[in-house]
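A quick write-up on the structure given underneath.
The values are calculated or read from the model by the stated rules, or taken from the named source; none is laboratory data. This structure is a prediction, so every number in the text was calculated from the model and none was measured. Ideal geometry is used to build each Cβ from the backbone, glycine not excepted, and the neighbour counts take in all protein chains shown.
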Amino acid sequence: MTNPLQFDEKRRKAITQCSRCGFCRAVCPIFDLTKRPITNARGKMILMKEVMEGKLPVTEGVAQALLRCTTCMNCTTNCPSGVDPQEVIKAARKDMVGMGFDNLFKKMGEVVEKYGNIYGEPERYDWGHKKGTAPHVLFVGCVGTYREEESVEETIRLLDLMKVDFTMIDEVCCSGVMEDVGYKIKEELAQRNIQELQKTSAKTLITTCPYCFRVFKEHPSYKNLGMEVKHITQFLKDFNFGVKTNKKVTYHDPCDLGRHAGIYDEPREIIRKIAPNFVEPRRTRENAMCCGSGGGLRGSFPEDSIEISRNRLSQIIEETGAEILLTECPSCLHNFRNAKLRKQKIEIYNITEFIAQLLQEKEKKEAA
Amino acid sequence: MNIEGYEFPEGLYYDKNHFWARVEGDLVVMGMNDYAQKMAGSIVYVGLPPEGKKLVQGKSFTKIESGKWLGKVFSVISGELVAVNEDLEKKAKLINEDCYGKGWMFKIKPDNMDELKNLMTDPAVMQEWLKTEIAEHGKK
């Protein structure tokens, strides 16, 4: 297996465009953890240039190096040469799989096909919400359903309290993640989701997961979905919740919602309504550091992924002194909750989950 | 004792949720058994609840997660949680490395030590039970 990867013009241009300045080192969550040059975008671009020029054989080591990327796009945002390394890395991962360098995500693909979710869970938790037709349909995604089901329950409760007429489906994985880890979306699953979603006659698809949001919105397999796709923060931004907290609250921008989808303001509009004592972390919005869960890193290197999350969480606590950390991404939420140390008193929630809890506290006070 | 290729040290009590119990003075220490840790794969997270939490025998009280699996932790005895293994916060795979030693999980002050009688100690009984588990869940 010594054939070089196939580099199209776009990729060739990106690789040669990298001036190797190393600005990406300061924002790469994996370099931040390992301090190894190969782990940041600069290192990977040099590696691929060597491969492109035939100076370096394509080996298992190259394949492994390319898997160490959360595709968070922080390097892209901070690249003075205008390179988007994660696109190059994702394309190279596909090439390597094509050359026979299967990675552990091959197994995940089989599991997704068999069980309809990335974890191979045989049973899907059902919150007992109504199915059938409604103006809006809520799509939860794998991480929410199988790892943060209690948080999802609160989100559902909030939508009910806000009197949103919505339905749910027996969803399967949107499977877009396969594209990031060297494989292709599972067309059968995409078609199944489309059929189930269309049966609801909904006009709006609300997603809690920013990654699912991107897949439904951008992937060609979902182009005939026939309904508006909204992330839940977009959907809820104009609602009045009637509750407030005096606690010091901060917000972590999920990479898939922020840098990938450009949604920065809507979550903040919601938070400002409920938390007058809102404080931004120093590295925020386009410059927010990644929680470490994306790009397949949580699946392939879970310990590193959690350690990255621990770094980000410590950063947020030091920079803000907040009592409450909000985000709106099941993967970020799950990674942060796994990473939090007992001595860290900060509480971590999805925004929707937190509001539902505030409403519950209000109800209890009123009943007392 | 070795049952079906898995270590189950003598002198411990075992429940059917794959956790073990060991008496230490007036406390009960609990952890995960060898079969379960091998089946789970590399463990990356264990929820460590605050001390003082009331536990009920056979009821779940926290979560445990490997790269590919999420499970519940069930208490081996009713009582009060008095200590957690804080080493697991940053190195949950101690459970894989030494599930009966450094990978211990929780210490409980039991309401009634007699509840240990509900757990298994007889090798013959355990072998029968583990065979059934392997038939259902496989083996690693």
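What the table below lists for this structure:
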{"read-out": "Residue within the range A:213-220 that is surrounded by 16 or more Cβ atoms within 10 Å (Cβ to Cβ), out of contact with any Lys or Arg (no Cβ under 7 Å at 6 or more places or on another chain), closer than 24 Å to A:M96 by Cβ and within 14 Å of another protein chain (Cβ to nearest Cβ) present", "value": "no"}
{"read-out": "Neighbours by Cβ (under 8 Å, 6+ apart or cross-chain): first from the range A:211-239, of a type in the set (D, E); second in a loop (DSSP other than H, G, I, E, B)", "value": "A:E228/A:K203"}
{"read-out": "Restricting the range A:110-130 to residues that are in contact with a helix residue (DSSP H, G or I) (Cβ under 6 Å, 6 or more places away or on another chain) and of a type outside the set (F, W, Y), the residue that is farthest from A:V51 (Cα to Cα)", "value": "A:H129"}
{"read-out": "Where a residue in the range A:163-187 is of a type in the set (F, W, Y) and its partner, wherever it lies, is at pLDDT below 95, with Cβ under 7 Å and at least six apart", "value": "A:Y183/A:V97; A:Y183/A:F105; A:Y183/A:G109"}
{"read-out": "Qualifying residue in the range A:291-300 (condition: crowded, with 22+ Cβ neighbours inside 10 Å, more than 14 Å from chain B (Cβ to nearest Cβ), over 24 Å from A:R214 (Cα atoms) and not aromatic (F, W, Y))", "value": "no"}
{"read-out": "Exclusive hit being crowded, with 16+ Cβ neighbours inside 10 Å and more than 24 Å from B:K72 (Cα to Cα), set A:T167, A:T133, A:T155", "value": "A:T167"}
{"read-out": "Any hit, the range B:36-48, residues being part of a loop (DSSP other than H, G, I, E, B), within 14 Å of chain A (Cβ to nearest Cβ) and not small (G, A, S)", "value": "yes"}
{"read-out": "Options A:V137, A:V97, A:V88; residue that is away from chain B (no Cβ under 14 Å), touching a strand residue (DSSP E or B) at 6+ places or on another chain (Cβ under 9 Å) and either of a type outside the set (D, E, K, R) or not in a loop (DSSP other than H, G, I, E, B) (or both)", "value": "A:V137"}
{"read-out": "Residue within the range A:307-328 that is over 22 Å from A:K35 (Cβ atoms) and either free of Cβ contacts under 8 Å to residues at least 24 places away in the same chain or within 14 Å of chain B (Cβ to nearest Cβ) (or both) present", "value": "no"}
{"read-out": "Residue within the range B:2-12 that is of a type in the set (D, E), modelled with pLDDT of 95 or more, in a strand (DSSP E or B) and under 16 Å from the mean Cα position of the chain (by Cα) present", "value": "yes"}
{"read-out": "Answer residue from the range B:2-41, given it is surrounded by fewer than 21 Cβ atoms within 10 Å (Cβ to Cβ) and among the small types (G, A, S) and is nearest to B:F74 (Cα to Cα) among those", "value": "B:G41"}
{"read-out": "Selection status of A:G182, under 23 Å from the mean Cα position of the chain (by Cα), at pLDDT below 95 and closer than 25 Å to A:T71 by Cα", "value": "yes"}
{"read-out": "A:C75 vs. criteria assigned to a loop (DSSP other than H, G, I, E, B) and either touching a residue at least 12 places away in the same chain (Cβ under 8 Å) or hydrophobic (A, V, I, L, M, F, W, C) (or both)", "value": "no"}
{"read-out": "Residues of the range A:331-368 satisfying the condition of being away from chain B (no Cβ under 13 Å) and within 16 Å of the chain's Cα centre (by Cα)", "value": "A:S331, A:C332, A:L333, A:Y349, A:N350, A:I351"}
{"read-out": "Within the range A:1-69, helices (runs of 4 or more DSSP H) holding 2 or more residues that are over 12 Å from A:P85 (Cα atoms) and under 27 Å from the mean Cα position of the chain (by Cα)", "value": "A:29-34, A:60-67"}
{"read-out": "Residue ID - surrounded by the most Cβ atoms within 10 Å (Cβ to Cβ), chosen from residues in the range A:253-282 that are part of a helix (DSSP H, G or I) and of a type in the set (A, V, I, L, M, F, W, C)", "value": "A:I270"}
{"read-out": "Residue check, A:T250 assigned to a strand (DSSP E or B) and touching a residue at least 40 places away in the same chain (Cβ under 8 Å)", "value": "yes"}
{"read-out": "In the range A:1-58, residue surrounded by the fewest Cβ atoms within 10 Å (Cβ to Cβ) [restricted to those that are among the polar types (S, T, N, Q) and under 23 Å from A:D304 (Cβ atoms)]", "value": "A:T34"}
{"read-out": "Selection status of A:C79, crowded, with 20+ Cβ neighbours inside 10 Å and out of contact with any helix residue (DSSP H, G or I) (no Cβ under 6 Å at 6 or more places or on another chain)", "value": "yes"}
{"read-out": "Output for the range A:102-120, where each listed residue is part of a loop (DSSP other than H, G, I, E, B), under 20 Å from the mean Cα position of the chain (by Cα) and either among the basic types (K, R) or over 14 Å from A:L189 (Cα atoms) (or both)", "value": "A:L104, A:Y119, A:G120"}
{"read-out": "Subset of the range A:283-314 that is hydroxyl-bearing (S, T, Y) and assigned to a helix (DSSP H, G or I) - its residue that is nearest to A:V249 (Cα to Cα)", "value": "A:S314"}
{"read-out": "Wholly within the range B:59-140, strands (runs of 3 or more DSSP E) carrying at least 3 residues that are at pLDDT 95 or above and more than 13 Å from every other protein chain (Cβ to nearest Cβ)", "value": "B:79-84, B:106-110"}
{"read-out": "Qualifying residue in the range B:103-117 (condition: closer than 17 Å to B:N33 by Cβ and of a type in the set (D, E, K, R))", "value": "no"}
{"read-out": "The range B:59-95, residues that are surrounded by fewer than 19 Cβ atoms within 10 Å (Cβ to Cβ) and of a type in the set (A, V, I, L, M)", "value": "B:L70, B:V82, B:A83"}
{"read-out": "Subset of the range B:49-58 [in a strand (DSSP E or B) and within 14 Å of chain A (Cβ to nearest Cβ)]", "value": "none"}
